[in-house]
1. Does any residue in the stretch 137-150 that is in contact (Cβ under 8 Å) with a residue 24 or more places away in the chain come within less than 7 Å, Cβ to Cβ, of a residue that is open to solvent by less than 60 Å² (accessible area, probe 1.4 Å) and basic (Lys, Arg) six or more places away or on a different chain, and which pairs are these?
2. Across the stretch 79-96, which residue is farthest from Val50 (Cα to Cα) among those that are in contact (Cβ under 8 Å) with a residue 60 or more places away in the chain and among the hydroxyl-bearing types (Ser, Thr, Tyr)?
3. Please state which one of Leu72, Leu13 is open to solvent by less than 20 Å² (accessible area, probe 1.4 Å), within 28 Å of Pro152 (Cβ to Cβ), within 15 Å of the chain's Cα centre (by Cα) and modelled with pLDDT of 95 or more.
4. Taking the condition of being open to solvent by less than 80 Å² (accessible area, probe 1.4 Å) and charged (D, E, K, R), how many residues in the stretch 103-139 meet it?
5. Residue pairs, Cβ under 8 Å, 6 or more apart or interchain, first in the stretch 27-40 and at negative phi and loosely packed, with under 15 Cβ neighbours inside 10 Å, second in a loop (DSSP other than H, G, I, E, B) and not polar (S, T, N, Q). List them.
6. Quick one: would you say Leu94 is surrounded by 13 or more Cβ atoms within 10 Å (Cβ to Cβ), under 11 Å from the mean Cα position of the chain (by Cα) and closer than 16 Å to Asp9 by Cβ?
Amino acid sequence: MIREIKKTDFEALKVVIDSNELFPSERLDDMTADFFNNPESQDIWLTKEVDGKPIAIAYCAPERMAEGTYNLYLIAIDKSFQGKGYGSDIMIYLEELLQRNKNRMLIVETSGLPEFELTRQFYKKQDYFLAGVIPDFYQQGEDKVIFYKFIPPETLIR
């Protein structure tokens with residue numbers, strides 16, 4: 001089951017974040033503040049449950065200066081659940097949600113470091129196109145790799 005996150009998910013979602021060493025998990029409270037406190041928020045926060053427990057997190061938000069374009073800022077699957085198709089499940093769900101809401105594009109960005117090779121392969125496997133690389137973006141020697149996917153109108157994605 002994939003659904004919007006709830007505040008009661010935080011402890012489980014922090015475990016997911018910590019298992020992937022993405023960022024300090026205590027930042028989750030601040031990152032989700034607009035989603036929980038602003039009824040006009042267009043941010044999307046999702047989780048996937050297995051046996052009633054959140055094992056994944058995804059977050060995307062609209063690009064502020066673009067029409068119908070979202071940026072995926074976070075996707076993570078608990079390390080013990082990786083390689084089982086759950087990442088693909090959540091991406092398909094997110095793309096279909098964006099499609100139903102008449103959005104047209106999803107952008108994803110990741111690191112160019114060797115340890116992110118599997119992440120880059122994941123996006124390619126999900127039919128994302130490489131848009132470009134910004135050298136030394138995150139820090140000296142760490143490039144930003146940008147992918148995108150057009151969301152087709154009124155047709156099934158897969």
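The values are calculated or read from the model by the stated rules, or taken from the named source; none is laboratory data. These numbers come from a predicted model, not from an experiment. Here Cβ is always computed from backbone atoms with ideal geometry, including for glycine, and neighbour counts include all displayed protein chains. Areas reflect the complete protein model, heavy atoms only, side chains present, ligands, DNA and RNA absent. Shrake-Rupley method; radii C 1.70, N 1.55, O 1.52, S 1.80 Å.
1. Short answer, once both residue conditions are applied: Tyr138/Lys144; Val145/Arg120.
2. First pass over the stretch 79-96, keeping only residues in contact (Cβ under 8 Å) with a residue 60 or more places away in the chain: 79-80, 89-90, 92-93, 95-96.
When the remaining residues are screened for being among the hydroxyl-bearing types (Ser, Thr, Tyr), the result is 80, 93.
Details: Ser80: 12, Tyr93: 15 Å.
Among those that are in contact (Cβ under 8 Å) with a residue 60 or more places away in the chain and among the hydroxyl-bearing types (Ser, Thr, Tyr), it is Tyr93.
3. Working: Leu13 fails: within 28 Å of Pro152 (Cβ to Cβ).
Exactly one residue qualifies, and that residue is Leu72.
4. The total comes to 4.
5. Asp34/Asp43
6. On the way: surrounded by 13 or more Cβ atoms within 10 Å (Cβ to Cβ): yes; under 11 Å from the mean Cα position of the chain (by Cα): yes; closer than 16 Å to Asp9 by Cβ: no.
No: the conditions fail for Leu94.
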